[in-house]
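Remarks on the structure that follows.
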Amino acid sequence: MELKKELNLLDVFCITSGAMMSSGLFILPGLAHAKAGPAILISYLVAALLAATGMLSQAELASAMPKAGGTYFYVTRSLGLAVGTVYGLITLFAMAFKSAFELVGMSAFISCIIDMDARVIAMVFCIIFILINIVGTKGAGRLQVFLVFLIIPSLLLYIFMGLPETGASNFEPFISRGPMAIFSTAGFVFVSYGGLLKIASLAEEVRDPGRVLPLGMILSLLMVVVFYMLVMFVTIGVLDPARLDSTLTPITDGAGMFMGPWGKVALSIVAILAFISAANAGIMGASRYPLALSRDNLLPGFLGKINARFKTPHNSIILTGIIMISALFLKLDIIIKTASSVLILTYIFSCLAVIVLRESRLQNYQPSFRAPLYPWIQVVGITGCGFLLYEIGYRALLISGILIVSGLVVYWFYGRIRSEREHALLHLIERITSKELTSHSLETELKEVIRERDEIIEDRFDRIIEDSIILDIDRSLDADEFFRMVSRKMAGHLDMKPGAIYKLLINREKESSTALTAHLAIPHVVINGTSAFDILVARCKDGVFFSKESPNVRAVFVLLGTKDERNFHLRALAAIAQIVQDPKFEEKWMNAKNKESLRDIVLLGKRQR
């Protein structure tokens, strides 16, 4: 059963922004300031720039393969099932841990108002979010829109009222803990940009994902970085450094300095809303990873079940909630560092996936958005994130290592014996070694993803091409020899004698050449009978000699149909004309690996339907 496509650009923007404008603003600045001083501004900016490299890679991948599980799906199809299993599980835990962090922050604020144990509050809200997400993605998305449009005006008020109150002395010395502290702190606060992963995992539920996902991700990251810089500048400028180092409520404390008690209360409420927004988005995103793993038979099938009434993966949502509740019993510092280190790994994998997919030259890897400055963006992302990972500390790396080993164990003892899937790395190795290592299964899967993404509805032309004869000729020949070959192949399809077909084709060619350009010919004739129509598609690598003007025709579409099929005959000609108008058609045609690749070029060609 498929997930419902209910999320639009506003939903994507708000889910992503809401997931980032929470702990990174309302808790982490104090903890980060204790590590790096005022230079946390640079730390957040460094983390944002490195997150941007991963985000651009994810935006490309999401626009090419908008499927549930987001980056897990891309990594599995690029690097293989073993890496995909590890990646899917560690990302599930990273996002669940980050969401648990949001629940901890939210419950800390609420416990100041209500006399109740903070952990109990966190668990109650976790259960509420589970129910909201089970009822429907659209409802959860609407909640995100509502929350984000409450948070943004409140933060703008904080910035405009606080800027005149900032003191320059609070920024001196700016790099008070040394330059290396900037980078270790950048790794510590990397968790602030984890919201970008959450929307990628919901890609299958987004309308027009090829356009909406990249645009929503880019806009949300730009806006969030601006807010981070301005809000933290104000907070550093108005709070005494010693106080900022020791507080878990830096923004609300800052509001109390220049807005008075009412401002502190108002920002506390905004903080609670921000944590609600991020925790809700966290469950929404993380729960799609068990779903995707289950679809590939790497986890038990019950996790892939879609609720018949609400069209949501209810079992995966419940599992995610259980992991979040379990994480509430860990120390806050461990939750933050583990979530950050695993999120850094996910961005490294995203950059690697883009490199492998592009270099494998997969024909049906057709992203609507391509990351700019390839491959430098990906190289910077891999090396920079690797450096942050090294600086973040051994404890977080140890927990991340345990999660990685656990993922390998799950794959070896469960997924390995139940699932087999082609991946792009094999295509890359095949390209380098010139050895046959792959079938067409990955290309076929990507073809279906494109059809779903672009909402391509199969028509009669598609069905004929699916069943048509494909010739891939690796020698030169003249039109007469070519037509004899075509006649023999099409005779069985049309229940005609080869000689009759050959005669029709030759006579048609004598009337006027069917070669439309130096590289393309479309022989088409009317045959006797009723309700018959067929198409043969041919590539001749060394060319077919049609005439002096067209001595090396490499793409030929042969159309044979009865008189009563005249209207469809014209529609088929129009469809082919639109497909071959693609400026890259000839390049794709000559680079196609095999007959099925040639068929896919026609089936996925841009045309009116």
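If Arg177 satisfies all but one of (1) assigned to a helix (DSSP H, G or I); (2) out of contact with any strand residue (DSSP E or B) (no Cβ under 6 Å at 6 or more places or on another chain); (3) crowded, with 17+ Cβ neighbours inside 10 Å, what's the number of the condition it fails?
(1)
Only one of Ser597, Ser550, Ser531, Ser512 is within 27 Å of Arg453 (Cα to Cα) and not basic (Lys, Arg). Can you tell me which? Write out each step before concluding.
Numbers: Ser550 fails: within 27 Å of Arg453 (Cα to Cα); Ser531 fails: within 27 Å of Arg453 (Cα to Cα); Ser512 fails: within 27 Å of Arg453 (Cα to Cα).
On inspection, the qualifying residue turns out to be Ser597.
Tally time: how many residues in the range 505-548 are of a type in the set (Gly, Ala, Ser), within 22 Å of Ile465 (Cβ to Cβ) and over 47 Å from the mean Cα position of the chain (by Cα)? Steps first, please.
Taking the range 505-548 first, the residues of a type in the set (Gly, Ala, Ser) are 512-513, 515, 518, 521, 529, 531-532, 538, 543, 547.
If we keep only those that are within 22 Å of Ile465 (Cβ to Cβ) as well, we get 515, 521, 529, 531-532, 538.
When the remaining residues are screened for being over 47 Å from the mean Cα position of the chain (by Cα), the result is 529.
Residues meeting the conditions: 1.
Which of the residues spanning the range 220-255 are surrounded by fewer than 20 Cβ atoms within 10 Å (Cβ to Cβ) and not in a helix (DSSP H, G or I)?
Answer for the range 220-255, where residues must be surrounded by fewer than 20 Cβ atoms within 10 Å (Cβ to Cβ) and not in a helix (DSSP H, G or I): Asp240, Leu248.
Does Val354 qualify as being among the β-branched types (Val, Ile, Thr), within 25 Å of Thr438 (Cα to Cα) and part of a helix (DSSP H, G or I)? Talk me through it step by step, then tell me what you get.
Numbers: among the β-branched types (Val, Ile, Thr): yes; within 25 Å of Thr438 (Cα to Cα): yes; part of a helix (DSSP H, G or I): yes.
Spelling it out, Val354 is indeed among the β-branched types (Val, Ile, Thr), within 25 Å of Thr438 (Cα to Cα) and part of a helix (DSSP H, G or I).
Do we find a residue being closer than 30 Å to Ser63 by Cβ, in the same structural domain as His33 (by TED's automatic domain parsing), β-branched (Val, Ile, Thr) and touching a Lys or Arg at 6+ places or on another chain (Cβ under 9 Å) anywhere in the range 174-185? It would help to see each step written out before you state the result.
Step one: filter the range 174-185 for residues closer than 30 Å to Ser63 by Cβ, giving none.
There is no residue in the range 174-185 that is closer than 30 Å to Ser63 by Cβ, in the same structural domain as His33 (by TED's automatic domain parsing), β-branched (Val, Ile, Thr) and touching a Lys or Arg at 6+ places or on another chain (Cβ under 9 Å).
With the structure loaded, tell me whether Leu398 is surrounded by fewer than 16 Cβ atoms within 10 Å (Cβ to Cβ) and of a type in the set (A, V, I, L, M) or whether it fails that test. Full working, then the answer.
Numbers: surrounded by fewer than 16 Cβ atoms within 10 Å (Cβ to Cβ): yes; of a type in the set (A, V, I, L, M): yes.
Taking the combined requirement at face value, the residue satisfies it.
Yes or no: Ser63 hydroxyl-bearing (Ser, Thr, Tyr), in contact (Cβ under 8 Å) with a residue 40 or more places away in the chain and in a helix (DSSP H, G or I)? So that I can check it myself, show each step before the final result.
Values: hydroxyl-bearing (Ser, Thr, Tyr): yes; in contact (Cβ under 8 Å) with a residue 40 or more places away in the chain: yes; in a helix (DSSP H, G or I): yes.
So Ser63 fits the description; yes.
Taking the conditions exactly as written (touching a residue at least 60 places away in the same chain (Cβ under 8 Å), over 18 Å from Leu215 (Cα atoms) and out of contact with any Leu (no Cβ under 9 Å at 6 or more places or on another chain)), does Leu28 satisfy them or not?
Values: touching a residue at least 60 places away in the same chain (Cβ under 8 Å): yes; over 18 Å from Leu215 (Cα atoms): yes; out of contact with any Leu (no Cβ under 9 Å at 6 or more places or on another chain): yes.
Considered against the rule, which asks whether it is touching a residue at least 60 places away in the same chain (Cβ under 8 Å), over 18 Å from Leu215 (Cα atoms) and out of contact with any Leu (no Cβ under 9 Å at 6 or more places or on another chain), Leu28 comes out as yes.
Filter the range 18-45 down to residues that are in a helix (DSSP H, G or I) and of a type in the set (S, T, N, Q) and give me whichever is surrounded by the fewest Cβ atoms within 10 Å (Cβ to Cβ).
Step one: list which residues in the range 18-45 are in a helix (DSSP H, G or I), which gives 18-20, 23-26, 28-45.
After this cut, where a residue has to be of a type in the set (S, T, N, Q) as well, the list is 23, 43.
Values: Ser23: 30, Ser43: 26.
Looking at the filtered set, the residue picked out is Ser43.
Of all helices (runs of 4 or more DSSP H) completely enclosed by the range 406-514, which ones contain at least 1 residues that are under 27 Å from Ala292 (Cα atoms) and outside the structural domain of Val556 (by TED's automatic domain parsing)? Can you show your working first?
Values: elements: 424-433, 441-453, 460-467, 479-494, 498-511.
Filter on the range 406-514 gives 424-433, 441-453.
Looking at the range 264-302, which of its residues are surrounded by fewer than 24 Cβ atoms within 10 Å (Cβ to Cβ), under 21 Å from the mean Cα position of the chain (by Cα) and not in a loop (DSSP other than H, G, I, E, B)?
Answer for the range 264-302, where residues must be surrounded by fewer than 24 Cβ atoms within 10 Å (Cβ to Cβ), under 21 Å from the mean Cα position of the chain (by Cα) and not in a loop (DSSP other than H, G, I, E, B): Ser294, Arg295.
Any idea which of (1) of a type in the set (Ser, Thr, Tyr); (2) out of contact with any strand residue (DSSP E or B) (no Cβ under 8 Å at 6 or more places or on another chain); (3) in contact (Cβ under 8 Å) with a residue 40 or more places away in the chain is the one Thr433 doesn't satisfy?
So the condition that Thr433 fails would be (3).
Please state which one of Ser326, Ser341 is in contact with a Ser or Thr (Cβ under 9 Å, 6 or more places away or on another chain) and either assigned to a helix (DSSP H, G or I) or outside the structural domain of Gly84 (by TED's automatic domain parsing) (or both). Even if it seems obvious, please write down each step before you answer.
Values: Ser326 fails: in contact with a Ser or Thr (Cβ under 9 Å, 6 or more places away or on another chain).
Sole residue among the options that is in contact with a Ser or Thr (Cβ under 9 Å, 6 or more places away or on another chain) and either assigned to a helix (DSSP H, G or I) or outside the structural domain of Gly84 (by TED's automatic domain parsing) (or both): Ser341.
Among (1) at pLDDT below 85; (2) surrounded by fewer than 20 Cβ atoms within 10 Å (Cβ to Cβ); (3) in the same structural domain as Ser340 (by TED's automatic domain parsing); (4) out of contact with any Gly (no Cβ under 7 Å at 6 or more places or on another chain), which single condition is Thr383 missing?
Of everything listed in (1) at pLDDT below 85; (2) surrounded by fewer than 20 Cβ atoms within 10 Å (Cβ to Cβ); (3) in the same structural domain as Ser340 (by TED's automatic domain parsing); (4) out of contact with any Gly (no Cβ under 7 Å at 6 or more places or on another chain), Thr383 misses just condition (1).
Within the set of pairs 6 or more residues apart or between chains, which connect a residue that is closer than 11 Å to Phe533 by Cβ inside the range 455-466 to a residue that is part of a helix (DSSP H, G or I) with Cβ atoms less than 6 Å apart?
Matching pairs, first to second residue: Phe461/Ala572; Phe461/Ala575.
Identify all residues within the range 555-609 that are assigned by TED's automatic domain parsing to the domain that holds Asp462 and polar (S, T, N, Q); write none if there are none.
If the condition is that a residue be assigned by TED's automatic domain parsing to the domain that holds Asp462 and polar (S, T, N, Q), then Thr562, Asn567, Gln578, Gln581, Asn591, Asn594, Ser597 are the ones that fit.
Which members of the range 360-380 meet the condition of being in a helix (DSSP H, G or I) and either within 18 Å of the chain's Cα centre (by Cα) or hydroxyl-bearing (Ser, Thr, Tyr) (or both)? Break it down into steps so the answer makes sense when it comes.
Within the range 360-380, the first condition is being in a helix (DSSP H, G or I), and the residues that meet it are 376-380.
The answer is Ile377, Gln378.
What about Ala48, is it modelled with pLDDT of 90 or more, more than 24 Å from Pro375 (Cβ to Cβ) and either in a helix (DSSP H, G or I) or outside the structural domain of Ala271 (by TED's automatic domain parsing) (or both)?
Working: modelled with pLDDT of 90 or more: yes; more than 24 Å from Pro375 (Cβ to Cβ): no; either in a helix (DSSP H, G or I) or outside the structural domain of Ala271 (by TED's automatic domain parsing) (or both): yes.
So Ala48 does not fit the description; no.
Would a scan of the range 444-452 turn up a residue that is farther than 30 Å from Glu6 by Cα and hydroxyl-bearing (Ser, Thr, Tyr)? Don't jump to the end; show me each part of the working.
Let us first name the residues in the range 444-452 that are farther than 30 Å from Glu6 by Cα, namely none.
There is no residue in the range 444-452 that is farther than 30 Å from Glu6 by Cα and hydroxyl-bearing (Ser, Thr, Tyr).
Regarding the range 120-136, can at least one residue be identified that is buried (at least 17 other Cβ atoms within 10 Å of the Cβ) and not in a helix (DSSP H, G or I)?
yes
The values are calculated or read from the model by the stated rules, or taken from the named source; none is laboratory data. Every value quoted in this text rests on a predicted model; they were computed, and no experiment measured them. As a convention, Cβ positions derive from the backbone with ideal geometry for all residues, glycine included, and neighbour counts pool all protein chains shown.
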